[in-house]
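Here the structure comes first, spelled out in structure tokens, and everything after it is commentary.
The values are calculated or read from the model by the stated rules, or taken from the named source; none is laboratory data. A quick note: this is a predicted structure, and the numbers were derived from the prediction, not measured. Neighbour counts run over all protein chains shown; Cβ positions are idealised from the backbone, glycine included. We work out accessible area using only protein heavy atoms, side chains counted, and drop any ligands, DNA or RNA first. Shrake-Rupley method; radii C 1.70, N 1.55, O 1.52, S 1.80 Å.
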Amino acid sequence: MKTLDWIVTDDGQCQTRPATREWDLIEEHYYLHRFLTEVIDLLAQVKHEADEWDHLPQLRRLVRKLIINSYYVRTQFLEPCSKTGSSVLTLYDEIGYPLTVQNVTFAPGLVSPIHNHGTWGITAVLKGQEKQTFWRRVGDPDFPNKIEPIGEKIISPNEIVSFAPDAIHCVEAIGDEPTVSFQIYGDTQPRSRFFFDRETHTAKPF
Ligand SMILES: [Fe+2]
């Protein structure tokens, strides 16, 4: 199956990037803890947190390596919550640890709020298909958080999407089955990630 990598820039452009071939990434005994160590070692070389997202090509490669080699990561997920339609299984979390690593399940048809992450992020679809919609600020001086959609893309397993900290998007689970995606995010800065309201042209922290 063809592998595809994408990056979504701060202004919502979704651009293709070279993806590493699967057979170059096959490695025996590549477990979640080895992935986490490699990510932390990579980020430790970065002098300023703002430069972390310059390392997205290497981070996407590590995510692909993990998903190819880790049966555990590919198969750990929750059923969607009957009330909210989504569930989050935290794969690793430690106080003071600068990463969020999780498998997220969406019921068919569920649409996320429009949001950014305030840090770099990478998502890889494990099951099903999701539609990503990308947004950008229109530059209205009266409503700095007024946004407009500028593109969308259907993401399938084997595709990896990476996000700049200010990339604004929403996600819809399409098809008849729940979708599951592996997601990893850098350290979120306070008051840097927002939900955007299309009707009122405002944003509120989350
Ligand atoms: Fe997101």
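Only four residue types carry charge here, +1 at the Cβ of Lys and Arg and -1 at the Cβ of Asp and Glu. Report the dipole size of segment 35-145 about the Cα centre in Debye, rounded to the nearest 20.
Numbers: 11 positive and 12 negative charges, 109 e Å.
Here segment 35-145 has a charge dipole of around 520 debye.
Compute the accessible area per residue over segment 4-187, keeping the other protein chains in place, probe 1.4 Å, unit Å².
On the way: 9060 Å² over 184 residues.
Accessible area per residue: 49 Å².
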### Message
How many angstrom lie between the Cα centre of segment 40-62 and the Cα centre of segment 116-181?
### Response
21 Å
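Carbon-plus-sulfur fraction of the accessible area of the chain, 1.4 Å probe, in percent? All intermediate terms of the calculation are to be shown ahead of the outcome.
Details: 5570 of 10890 Å².
C and S fraction of accessible area: 51 percent.
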### Query
Using the Cβ atoms and a cut-off under 14 Å, what net charge is assigned to the surroundings of Lys127, where Lys and Arg are +1 and Asp and Glu are -1?
-4
## Note on the structure
Net charge (Lys, Arg +1; Asp, Glu -1) of residues whose beta-carbon lies under 12 Å from that of Phe194, Phe194 excluded, is +2
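To the nearest 20 Debye, how big is the dipole of the chain about its Cα centre, given +1 on the beta carbon of each Lys and Arg and -1 on that of each Asp and Glu? Write out the running numbers ahead of the final one.
Numbers: 21 positive and 29 negative charges, 41 e Å.
Magnitude of the dipole: close to 200 debye.
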#### Entry: Dipole of the chain, positive end: most advanced residue of Phe194, Phe143, Cys170 [Cβ charges, Cα centre]
Cys170
### Message
Give me the count of lysine pairs in segment 4-187 whose alpha carbons sit under 22 angstrom apart, restricted to pairs 8 or more positions apart or on different chains.
### Response
6
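In segment 48-206, what is the volume of the convex hull around the alpha carbon atoms, normalised per residue and reported in Å³?
Values: hull volume 20.5 nm³, N = 159.
Residue-normalised Cα hull volume stands at 129 Å³.
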## Note on the structure
Expressed in nanometres to one decimal, the distance between label points 7 Å along Cα→Cβ at His201 and Glu27 is 4.9 nm
### Message
Defining a contact as two alpha carbons under 8 Å apart and six or more residues distant in sequence, what relative contact order in percent does the chain show?
### Response
26 percent
